[in-house]
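Q: Okay, handing you the structure first.
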Amino acid sequence: MPGPTHATTLEKDIPQFNKDIKDVHLIYDYAAQDASGNPEKWRYEMWFFSSTRIVYKIHGGPMAGRTNFQTASYQCIRPGELWQCNWLEETGTICSLIYDIPKQTITTLLAFSEGHWENPEAAHGDKRNAEDFQRWRGLASIGCQIDRFLLNEQAGIVECFRGKGDLEPIEGDEETI
């Protein structure tokens, strides 16, 4: 394999993508627990920018302070109701998110690389800052493929609207890995 590759959103799904979730901006809270088992909210913000990109910011939890955009692929599970969005982080973390439109929930599985999970502060920053981007890439080289922390969580959507909100737009062809 010449380098990181991504699946693409199927051409047949693009019209439904444009109708259901293109330019949709979600703010959602995970009802998680801290290291001591105490309840805490992890707030995330996700913008389905295009059929090939997502833009997001993390406001709560161990990864709070991370602003990013990624190459993503989408799958329509049930038109008008369920969508899956998948991406690979430059840290080596694999992300899969299910957006349930009628129930207004997000269900995720995150396969954190060892470097990303064990060094959350090093994963903070903004990809637009070259120093942050390089540091994040270095996190992927810590451990091996099976040294992962799998985290599955469900979040309730607090806000749903179209447009960038407070997130910084991208051109859509930026390097992501």
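Q: Which condition from (1) in contact with a strand residue (DSSP E or B) (Cβ under 7 Å, 6 or more places away or on another chain); (2) open to solvent by 50 Å² or more (accessible area, probe 1.4 Å); (3) hydrophobic (A, V, I, L, M, F, W, C); (4) over 30 Å from Asp100 (Cβ atoms) is the one that Trp117 breaks?
A: Failing condition for Trp117: (4).
Q: If I filter segment 119-133 down to residues being assigned to a helix (DSSP H, G or I) and within 16 Å of the chain's Cα centre (by Cα), which single residue comes out as nearest to Phe49 (Cα to Cα)?
A: Of all residues in segment 119-133, those assigned to a helix (DSSP H, G or I) come to 120-123, 130-133.
Applying the additional criterion that residues be within 16 Å of the chain's Cα centre (by Cα) yields 120, 123, 133.
Values: Pro120: 25, Ala123: 22, Phe133: 20 Å.
The extreme case among them is Phe133.
Q: Also, I was wondering about something else. Of all residues in segment 46-76, count the ones that are aliphatic (A, V, I, L, M), out of contact with any strand residue (DSSP E or B) (no Cβ under 6 Å at 6 or more places or on another chain) and without any contact (Cβ under 8 Å) to a residue 60 or more places away in the chain.
A: Taking segment 46-76 first, the residues aliphatic (A, V, I, L, M) are 46, 54-55, 58, 63-64, 72.
Restricting the remaining residues to those that are out of contact with any strand residue (DSSP E or B) (no Cβ under 6 Å at 6 or more places or on another chain) gives 63.
Within this subset, residues satisfying the condition of being without any contact (Cβ under 8 Å) to a residue 60 or more places away in the chain are none.
The total comes to 0.
Q: Just to be sure I understand, how many residues within segment 134-158 are outside any helix (DSSP H, G or I) and farther than 21 Å from Lys103 by Cβ? Reasoning before the result, please.
A: Of the residues in segment 134-158, the ones outside any helix (DSSP H, G or I) are 140-158.
Next cut, farther than 21 Å from Lys103 by Cβ only: 140-150.
Looking only at that region, the number is 11.
Q: Something else about it: In segment 1-42, how many are under 20 Å from the mean Cα position of the chain (by Cα), open to solvent by 70 Å² or more (accessible area, probe 1.4 Å), modelled with pLDDT under 95 and not hydrophobic (A, V, I, L, M, F, W, C)?
A: Selection size over segment 1-42: 5.
Q: Specify the residue that is nearest to Gly165 (Cα to Cα); the eligible residues are those in segment 52-106 that are touching a Ser or Thr at 6+ places or on another chain (Cβ under 6 Å) and open to solvent by less than 10 Å² (accessible area, probe 1.4 Å).
A: Gln70
Per-residue answers, yes or no, for (1) among the β-branched types (Val, Ile, Thr); (2) open to solvent by 60 Å² or more (accessible area, probe 1.4 Å); (3) closer than 18 Å to Gln70 by Cβ; (4) out of contact with any Phe, Trp or Tyr (no Cβ under 8 Å at 6 or more places or on another chain):
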residue	(1), (2), (3), (4)
Leu109	no, yes, yes, yes
His124	no, no, yes, yes
Glu131	no, yes, no, yes
Gln134	no, yes, yes, yes
Arg137	no, yes, yes, yes
Ala140	no, no, yes, yes
Ile146	yes, yes, no, yes
Arg162	no, yes, no, yes
Leu167	no, no, yes, no
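Q: Okay, moving on. Check segment 107-118 and report whether any residue there is under 19 Å from His25 (Cα atoms), at pLDDT 90 or above and under 12 Å from the mean Cα position of the chain (by Cα).
A: Initially, segment 107-118 is screened for residues under 19 Å from His25 (Cα atoms), giving 107-108.
Filter once more, keeping what is at pLDDT 90 or above: 107-108.
Checking the rest, the ones that are also under 12 Å from the mean Cα position of the chain (by Cα) come to 107-108.
Yes: one or more hits.
Q: Next question. Pairs please, first residue from segment 93-104 and without any contact (Cβ under 8 Å) to a residue 60 or more places away in the chain, second anywhere and in a strand (DSSP E or B) and among the charged types (D, E, K, R), Cβ atoms under 9 Å, 6+ apart in sequence or on different chains.
A: Thr93/Arg148; Ile94/Arg148
Q: Now for a separate question. If I ask for residues that are of a type outside the set (D, E, K, R), over 19 Å from Gly60 (Cβ atoms) and either touching a Cys at 6+ places or on another chain (Cβ under 8 Å) or assigned to a loop (DSSP other than H, G, I, E, B) (or both), which ones from segment 159-173 would you list?
A: If we filter segment 159-173 for residues that are of a type outside the set (D, E, K, R), which is where we start, we get 160-161, 163, 165, 167, 169-170, 172.
This time we only want the ones that are over 19 Å from Gly60 (Cβ atoms), so: 161, 163, 169-170, 172.
Within segment 159-173, Gly163, Pro169, Ile170, Gly172 meet the criteria.
Q: Sticking with this one: So, in segment 148-159, of the ones that are closer than 17 Å to Leu26 by Cβ and open to solvent by less than 70 Å² (accessible area, probe 1.4 Å), which residue ends up modelled with the lowest pLDDT? It would help to see each step written out before you state the result.
A: Taking segment 148-159 first, the residues closer than 17 Å to Leu26 by Cβ are 153-159.
Among the residues that remain, those that are also open to solvent by less than 70 Å² (accessible area, probe 1.4 Å) are: 153, 155-157.
On the way: Glu153: 90, Ala155: 96, Gly156: 96, Ile157: 98.
This residue is Glu153.
Q: Scan segment 102-113 for residues that are in contact with a strand residue (DSSP E or B) (Cβ under 7 Å, 6 or more places away or on another chain) and not aromatic (Phe, Trp, Tyr) and jot them down.
A: Filtering segment 102-113 down to residues in contact with a strand residue (DSSP E or B) (Cβ under 7 Å, 6 or more places away or on another chain) leaves 104-113.
Once the filter is applied, which keeps residues that are in contact with a strand residue (DSSP E or B) (Cβ under 7 Å, 6 or more places away or on another chain) and not aromatic (Phe, Trp, Tyr), segment 102-113 yields Gln104, Thr105, Ile106, Thr107, Thr108, Leu109, Leu110, Ala111, Ser113.
The values are calculated or read from the model by the stated rules, or taken from the named source; none is laboratory data. Predicted model only: the values in this text are computed from it and were never measured. Virtual Cβ from ideal backbone geometry, glycine too; neighbours counted across all protein chains shown. Surface areas here come from the heavy atoms of the whole protein model, side chains and all, with no ligands, DNA or RNA. Shrake-Rupley method; radii C 1.70, N 1.55, O 1.52, S 1.80 Å.
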